[in-house]
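Undergrad: Below: one structure in structure tokens.
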Amino acid sequence: MDVEGKRVRIKAKGRIFEGVAMPSSTNSFVLKLDNGYNVGFTEYELLEVFEEGKHGEEIAALEKKESLPDIKIISTGGTIASKVDYRTGAVTSQFSAEEIVGDVPELAEICNIDAMLLYNILSENMKAKQWIELAGEVYKAIKSGYEGVIITHGTDTMAYTASALAFMLSTPAPVILVGAQRSSDRPSSDAAMNLVCAANAAIADLGEVVVVMHANTSDDTCHIHRGVKVRKCHTSRRDAFQSVNYPPLGLVSYPSGEIKWMAERIKRGERELKLADRLEEKVTLVKFFPGLKPDIMDYYYDRGYRGFVIEGTGLGHVSTDWVDSIARISEDSVVVMTSQCIWGRVCDRVYDTGRYLLEAGVIEGEDMLPEVALIKLMWLLGNYDVEEARSLVNKNLVGEINPTTRYWEVEK
Amino acid sequence: MQDYSSLGLRVGIEIHQQLDTRHKLFCYCPTIQRDAEESNFEFFRYLRSKRSEMGEVDRAAKEEVARSKKFIYKAYDTTCLVEADEEPPREVNREALQITILIAKMLNMEVVDEVHMMRKIVIDGSNTTGFQRTALVAFDGHIDCNGKRIGIATLCLEEEACRKIEDRGDEVVYSLDRLGIPLAEIGTMPDITSPKEAKDVAAKLGMILRSTGRVKRGLGTIRQDVNISIRDGARVEIKGVQTLDILDKIVEYEVLRQLSLLKIKDELKKRGASVVNKVFDVTDVFANTKSKVIKRAECVKAIMLKGFAGLVGKEIQPGRRLGTEFADIAKTFGLGGIFHTDELPAYGVSKEEVEALRARVGAGNRDAVIVAAGKATRVENTLIRIVERAEYCLAGVPEETRKANEDGTTSYLRPLPGAARMYPETDVPAVKITPEMLKVEIPELIEERARRYTKTYSLSHDLAYVMADSAFYHLFEEFAEKIPATTVARVLHTAPAELRRDGINTDVLEEEQFRMVLELIEEGRIAKEGADEALKILCENPRATKDEIVDRIGSASDLDSFIAKLVEEKKDFIAEKGANAFKPLMGLVMKEFRGKVDGKVVAEKLNRAIKSMLQA
């Protein structure tokens, strides 16, 4: 008999207990006692099951304020708003605009919100298909007049999605990706503050795809990172997202919402709204390590892959053992070199190995992040032939390549 | 003397005891206290409460959010990302769980089959996460106290909260060193029926906990919460009683407070009193005020309590009036306090201002007016809450959580939290309790040990108890077999206590130092009278070696016996020469002790010895 979620009376350890039967991941019977605690019993006798009415909840409909800009929030999974049922201990995600604003009431002071639940998937399960559909939804939203679009996203692959959108979508309005490093059911979650800062960025003078997340561990500022220059650099900290090889575009103060711009950016209305949403999925990213044989490249090539991003050592190297394979593959493929140093620019003209690789057909990925080069190549091969892709991959398209590498201080 | 049984007094105690584990409950940081000055990093956060499925925010949680305070945290080189809520917790510390099971057995409790960690919402900032991790480990036990059986309802294993360093009103500073230290929480049934019994039960539980030898000692490592109710009164939870000495007083004063509030209720009913549900802006009334507090304020607001005159100033606990309860509320909202007409004119507020104030809110002589000053929204929220509290005066005693003051009185802290504010800590896997984990060896209780010491070593009951309760009781047992028990007790207890009284820091004395002194006495290298001096040397330099100690005091005790022997030998010589015997004898002593002992000291001692010999 399935009693999960129901109020029951059981006998265990020679005593009578009442409480709510909870889901259990082991074979124990887990009971939520009236004092709030869950406890597990291995031996028990179910005495009685009580039928209880469901608790209803009413949420007032949102009123639109004419003076405020309209923003669309598209949810792809993870939680930005949540509700905890302390009766059963269940945490449920919230997606309607009313529910989001109920959780983060400050949003209603910044903009009018429309919300849509596009996906409810873990970000590691995202694929090109979802990026394409998402780009389409953002395109539609901007076309229908929203001043900005906020996409809530799991943080693990947020940077990949940001890159995919940046290449597929030429946008005149801000497209903001936002997430949380602490789940939104907890009082200390960074979700609400990140969302408030994202909303402020979404109505700002900005016309590109960005990531807005905590700038440091305190709840005082968020960084606005260029989507093609950002990387998740920590497994758990709130300030896990860092701009690499380019400063963050801006700093949003919390709770004031003031924005301080810190680097050259694409402004609102500078570009026309356009969508080029084809992606070639047979593109791969290979991380080199000492001793790795070039077979891995042949393997992919033999399966029809024509886009290769190598995460090489230092300035952009792999073993000289690879030269012949690369020469063969690059005949009709694009082979781009990036660096596992993450920071800095690739240069294959300093050492002999690099020069051999260039001769074999490797293209230097400049100061592009390996993941960004991967997505860029997917997009190029989806929209251009190999020859054109080869000529575009080391040209700056949306801010992913900078002509110069500078020193800068990051204000947090 | 109150007849507590006729009042229907029921008391339950909750004891929070820090466990002495190698590392914290959910990370590998040490469980040590730090000086806030040593902090090497600081950050701040805000907390938000979550709506529950029932569409309501927990009552206690909501009030905290309305204050929207900023919480500043001090981190150290002994804290990590887990305390900072920047990394998921590690699995439950097994050492802490094992100690909790031991305690459960000592309290005759039943242990659950599977321990589930919960998140208990606490959003006063004392937990960086906004919740305290806590698990119910055992239930349904008992202890016997003065021949009466007291039920033990629950035993939980939880994480200790941050240490509060400073409350700046709208900002609170916390220290992360304490956060995450394992804590055993014992809750008794409300079986206690008198103030003295409350104290005795708490003492007994404390004794049982220390008997494990696995709990922390010292101020702040154990705290008592007390739940008190009387008939027609309400359940009130008093938090953070740090010392047992005032526990009976806390109960006594709370009964007094509830009785006073009930009397006030009756009087208000008789008067037909009521509370006007409105907050008046009275800033202009005080435009030219001499009150510094009001002058500084951005805004002054007031509420009117009809028929309350004289009662707001009425004492309900020693030194605390009904008005103090209102002021407590103001403080929790970050204001300094309130003014009320039962105490005005005073504090720079003039008679004219009071009259104008009364006129403005329409208050007569039988009414009371409460005034608060500060930032507009904060003052408004505070007064709305005080209106609610004043209305409750007509109903009786509100259920609430209060904070223990040092004198045994209590201050309002927050409403009593609802029971339903817990949900599972999904980051921490449940722990199955295996039969092996339940096989624990019950240690000898301190009170039993004390009885044994009285018998075996013929110590006084008090001294035997002190030794049995000492963290170094095993040293006592070891050395009491070789040297007189009273000497061992002197080294371990009496001498350090005297040194402390003289302002010497004896915290540095650990087992190693005590053992050294006891061995020196056992080996006959220092006299037992030299123990105090030896401990003093070790307090100044805990690294001092045995030889160094003997060098510094050993010679001195040798000197005493040398002089005694010499004076005895030269008895006749002294009798013959009288005081003139000093010079030649001094020469003999100095021949032996030159360079070891100060000549002045030798002269003094020799002189005294000769004098007493002559007198005899």
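Undergrad: Out of (1) away from every other protein chain (no Cβ under 14 Å); (2) assigned to a loop (DSSP other than H, G, I, E, B); (3) open to solvent by less than 10 Å² (accessible area, probe 1.4 Å), the odd one out for A:Tyr246 is which?
TA: (3)
Undergrad: Right, something else. Just checking, which of A:Glu400, A:Glu387 is more than 30 Å from A:His225 (Cα to Cα) and not basic (Lys, Arg)?
TA: Just a single option satisfies the conditions, and that option is A:Glu387.
Undergrad: Can you confirm whether region B:592-601 contains a residue that is more than 51 Å from the chain's Cα centre (by Cα) and either in a helix (DSSP H, G or I) or buried (at least 18 other Cβ atoms within 10 Å of the Cβ) (or both)? Can you show your working first?
TA: Let us first name the residues in region B:592-601 that are more than 51 Å from the chain's Cα centre (by Cα), namely B:592-594.
Within this subset, residues satisfying the condition of being either in a helix (DSSP H, G or I) or buried (at least 18 other Cβ atoms within 10 Å of the Cβ) (or both) are B:592-593.
Yes, region B:592-601 has at least one match.
Undergrad: Considering only residues that are at pLDDT 50 or above and within 12 Å of chain A (Cβ to nearest Cβ), which ones fall in region B:36-66?
TA: Hits for region B:36-66 are B:Phe41, B:Glu42, B:Phe43, B:Phe44, B:Arg45, B:Tyr46, B:Leu47, B:Arg48, B:Ser49, B:Lys50, B:Arg51.
Undergrad: Can you work out which of the residues in region B:67-96 that are within 14 Å of chain A (Cβ to nearest Cβ) and aliphatic (A, V, I, L, M) is most open to solvent (accessible area, probe 1.4 Å)?
TA: Of everything passing the filter in region B:67-96, B:Leu81 is most open to solvent (accessible area, probe 1.4 Å).
Undergrad: It is to be established whether one or more residues within region B:179-188 are among the small types (Gly, Ala, Ser), farther than 19 Å from B:Leu9 by Cβ and in contact with a helix residue (DSSP H, G or I) (Cβ under 8 Å, 6 or more places away or on another chain).
TA: yes
Undergrad: Can you spot a residue in region B:384-391 that is in contact (Cβ under 8 Å) with a residue 60 or more places away in the chain, outside any helix (DSSP H, G or I), in contact with a helix residue (DSSP H, G or I) (Cβ under 8 Å, 6 or more places away or on another chain) and under 30 Å from B:Val255 (Cα atoms)?
TA: Within region B:384-391 (the criterion being in contact (Cβ under 8 Å) with a residue 60 or more places away in the chain, outside any helix (DSSP H, G or I), in contact with a helix residue (DSSP H, G or I) (Cβ under 8 Å, 6 or more places away or on another chain) and under 30 Å from B:Val255 (Cα atoms)), the answer is no, since none of the residues qualifies.
Undergrad: Out of (1) open to solvent by 20 Å² or more (accessible area, probe 1.4 Å); (2) facing chain B (nearest Cβ under 10 Å); (3) not in a loop (DSSP other than H, G, I, E, B), the odd one out for A:Ser93 is which?
TA: A:Ser93 satisfies all of (1) open to solvent by 20 Å² or more (accessible area, probe 1.4 Å); (2) facing chain B (nearest Cβ under 10 Å); (3) not in a loop (DSSP other than H, G, I, E, B) except (2).
Undergrad: Okay, next question. List every residue pair whose Cβ atoms sit under 8 Å apart, with the two residues 6 or more apart in sequence or on different chains, where the first one lies in region B:568-582 and is in the same structural domain as B:Arg608 (by TED's automatic domain parsing) and under 13 Å from B:Lys611 (Cβ atoms) and the second, anywhere, is polar (S, T, N, Q) and part of a helix (DSSP H, G or I).
TA: Within 8 Å, the pairs are B:Phe582/B:Asn607.
Undergrad: Quick check: is even one residue across region A:255-262 on the phi < 0 side of the Ramachandran plot and at pLDDT below 95?
TA: Just the residues of region A:255-262 that are on the phi < 0 side of the Ramachandran plot, to begin with: A:255-256, A:258-262.
The next check asks that each one be at pLDDT below 95; those that pass are A:255-256.
Scanning region A:255-262 turns up at least one residue that is on the phi < 0 side of the Ramachandran plot and at pLDDT below 95.
Results for (1) assigned to a loop (DSSP other than H, G, I, E, B); (2) touching a residue at least 60 places away in the same chain (Cβ under 8 Å), shown as yes or no for each residue.
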position: A:Val346; (1), (2): yes, no
position: A:Tyr356; (1), (2): no, no
position: A:Leu374; (1), (2): no, yes
position: A:Arg390; (1), (2): no, no
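Undergrad: Have a look at B:Gly310, B:Gly323, B:Gly364 and point out the one that is crowded, with 17+ Cβ neighbours inside 10 Å and among the small types (Gly, Ala, Ser).
TA: Selected residue: B:Gly323, the only one of B:Gly310, B:Gly323, B:Gly364 that is crowded, with 17+ Cβ neighbours inside 10 Å and among the small types (Gly, Ala, Ser).
Undergrad: Hey, another quick one. Quick one: would you say A:Ser170 is in contact with a strand residue (DSSP E or B) (Cβ under 6 Å, 6 or more places away or on another chain), open to solvent by 10 Å² or more (accessible area, probe 1.4 Å) and among the hydroxyl-bearing types (Ser, Thr, Tyr)?
TA: yes
Undergrad: Further question: So for region A:256-264 (the condition being in contact with a helix residue (DSSP H, G or I) (Cβ under 9 Å, 6 or more places away or on another chain), acidic (Asp, Glu) and either outside the structural domain of A:Ile132 (by TED's automatic domain parsing) or within 30 Å of B:Tyr73 (Cα to Cα) (or both)), does at least one residue qualify?
TA: yes
Undergrad: Could you tell me which of the residues B:Ala184, B:Ala138 is crowded, with 24+ Cβ neighbours inside 10 Å and away from every other protein chain (no Cβ under 14 Å)?
TA: Residue meeting the stated conditions: B:Ala184.
Undergrad: Among the residues of region A:120-131, write down those that are over 13 Å from the mean Cα position of the chain (by Cα), surrounded by fewer than 17 Cβ atoms within 10 Å (Cβ to Cβ) and of a type outside the set (Lys, Arg). Before you say what the answer is, go through the steps one by one.
TA: In the first step, residues of region A:120-131 are kept if they are over 13 Å from the mean Cα position of the chain (by Cα); the result is A:120, A:128-129.
This time we only want the ones that are surrounded by fewer than 17 Cβ atoms within 10 Å (Cβ to Cβ), so: A:120, A:129.
A:Asn120 - this is the single residue of region A:120-131 that is over 13 Å from the mean Cα position of the chain (by Cα), surrounded by fewer than 17 Cβ atoms within 10 Å (Cβ to Cβ) and of a type outside the set (Lys, Arg).
Undergrad: OK, next. Only one of these conditions is not met by B:Met109: (1) away from every other protein chain (no Cβ under 11 Å); (2) in contact with a helix residue (DSSP H, G or I) (Cβ under 9 Å, 6 or more places away or on another chain); (3) surrounded by 19 or more Cβ atoms within 10 Å (Cβ to Cβ). Which number is it?
TA: Going through (1) away from every other protein chain (no Cβ under 11 Å); (2) in contact with a helix residue (DSSP H, G or I) (Cβ under 9 Å, 6 or more places away or on another chain); (3) surrounded by 19 or more Cβ atoms within 10 Å (Cβ to Cβ) one by one, B:Met109 breaks only (1).
Undergrad: Moving on. If I filter region B:100-120 for residues that are outside any helix (DSSP H, G or I) and out of contact with any strand residue (DSSP E or B) (no Cβ under 7 Å at 6 or more places or on another chain), do I get at least one hit?
TA: Checked against the condition, which is being outside any helix (DSSP H, G or I) and out of contact with any strand residue (DSSP E or B) (no Cβ under 7 Å at 6 or more places or on another chain), region B:100-120 yields no hits at all.
Undergrad: May I ask you to list the residues in region B:284-298 that are buried (at least 17 other Cβ atoms within 10 Å of the Cβ) and out of contact with any Phe, Trp or Tyr (no Cβ under 8 Å at 6 or more places or on another chain)? Break it down into steps so the answer makes sense when it comes.
TA: Narrowing region B:284-298 to residues buried (at least 17 other Cβ atoms within 10 Å of the Cβ): B:285-286, B:289, B:291, B:293-294, B:297.
Correct list: B:Val285, B:Phe286, B:Thr289, B:Ala297.
Undergrad: For B:Arg402, state whether it is assigned to a loop (DSSP other than H, G, I, E, B) and in contact (Cβ under 8 Å) with a residue 60 or more places away in the chain.
TA: Here the answer is no, as B:Arg402 does not meet what is asked.
Undergrad: Considering only region B:152-196, how many residues are free of Cβ contacts under 8 Å to residues at least 60 places away in the same chain, assigned to a loop (DSSP other than H, G, I, E, B) and under 22 Å from B:Pro89 (Cβ atoms)?
TA: Here the count works out to 1.
Undergrad: A further question follows. Tell me the helices (runs of 4 or more DSSP H) entirely within region B:507-585 that contain at least 3 residues that are in contact with a helix residue (DSSP H, G or I) (Cβ under 8 Å, 6 or more places away or on another chain) and open to solvent by less than 70 Å² (accessible area, probe 1.4 Å).
TA: It comes to B:511-522, B:531-540, B:555-569.
Undergrad: Right, something else. If you go through region A:185-208, how many residues are outside any helix (DSSP H, G or I), in contact (Cβ under 8 Å) with a residue 24 or more places away in the chain and within 8 Å of chain B (Cβ to nearest Cβ)?
TA: Residues that pass the stated criteria total 1.
Undergrad: Of the residues A:Ser391, A:Ser325, which single one is in contact with a helix residue (DSSP H, G or I) (Cβ under 8 Å, 6 or more places away or on another chain) and farther than 15 Å from A:Thr284 by Cα? Walk me through it before giving the result.
TA: Details: A:Ser391 fails: in contact with a helix residue (DSSP H, G or I) (Cβ under 8 Å, 6 or more places away or on another chain).
The unique qualifying residue is A:Ser325.
Undergrad: Oh, and also: Just to check your reading of the model, which residue among B:Tyr423, B:Tyr412 is part of a strand (DSSP E or B) and within 14 Å of chain A (Cβ to nearest Cβ)?
TA: From the options B:Tyr423, B:Tyr412, the qualifying one is B:Tyr423.
Undergrad: Also: For A:Thr155, state whether it is touching a Lys or Arg at 6+ places or on another chain (Cβ under 8 Å), among the β-branched types (Val, Ile, Thr), touching a residue at least 40 places away in the same chain (Cβ under 8 Å) and open to solvent by 10 Å² or more (accessible area, probe 1.4 Å).
TA: Values: touching a Lys or Arg at 6+ places or on another chain (Cβ under 8 Å): yes; among the β-branched types (Val, Ile, Thr): yes; touching a residue at least 40 places away in the same chain (Cβ under 8 Å): yes; open to solvent by 10 Å² or more (accessible area, probe 1.4 Å): yes.
Considered against the rule, which asks whether it is touching a Lys or Arg at 6+ places or on another chain (Cβ under 8 Å), among the β-branched types (Val, Ile, Thr), touching a residue at least 40 places away in the same chain (Cβ under 8 Å) and open to solvent by 10 Å² or more (accessible area, probe 1.4 Å), A:Thr155 comes out as yes.
Undergrad: Still on this structure, please answer the following. Can you tell me how many residues in region B:409-438 are of a type outside the set (Asp, Glu), out of contact with any strand residue (DSSP E or B) (no Cβ under 7 Å at 6 or more places or on another chain) and at pLDDT 95 or above?
TA: 3
The values are calculated or read from the model by the stated rules, or taken from the named source; none is laboratory data. None of the values given here were measured: they were computed from a predicted structure. Reconstructed Cβ throughout: ideal geometry from the backbone, glycine too, with neighbour counts over all protein chains shown. Side chains are part of the model used for accessible areas, which takes the heavy atoms of the whole protein and leaves out ligands, DNA and RNA. Shrake-Rupley method; radii C 1.70, N 1.55, O 1.52, S 1.80 Å.
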